[in-house]
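Nothing in this text is a laboratory measurement; each read-out follows from the coordinates by a stated rule. The structure displayed is predicted, hence computed values, not measured ones. Ideal geometry is used to build each Cβ from the backbone, glycine not excepted, and the neighbour counts take in all protein chains shown.
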Amino acid sequence: MTDRSDAWPPGEILAAYDWQDGDCFRCRDADRSVAHIATVAAPIGATVRLLMCGSCILREEEARLSRAIATGAAYVPGRIGRPAEG
C-alpha cells in the first residue's frame, strides 16, 4: 500500500464541509462544530439530519482513502454521505 497520509492535510479535508453548531451522531459529543453529512428517513416517516464532528469526519475520511487505495478508486475529500462521482 502506498503511503498517502499527507496527500490531503486535515485542514483541507475539513474545509470541504460546511460547519454549524450541534451534536455529533457518531461519537455523541454535544455542542460541537459539526457538518451535515446526510439526511435519512426514519421508519415513522420523519427525516433525521446526521451531523458529524471534525474528529469523526477525519477518521471516516481516512477510511475512505484506505478503501480508495485498496480498490484503485479516486479519492476526493468532502464526500461522506454523498454518492460516488461517476
Subject >> Long-range amide H partners of I37 with built H, under 5 Å >> reply: L50, L51, M52
Original post:
Where does helix 54-71 land angle-wise versus the long Cα axis of the chain, in degrees 0 to 90, nearest 10?
Top reply: 40 degrees
Subject >> Computed over region 10-71, the ratio Rg/Rh where both radii use C-alpha atoms and Rh is Kirkwood >> reply: 1.03
Original post:
Nearest 20 debye, what's the magnitude of the dipole of the chain about its Cα centre given +1 on Lys and Arg Cβ and -1 on Asp and Glu Cβ?
Top reply: 320 debye
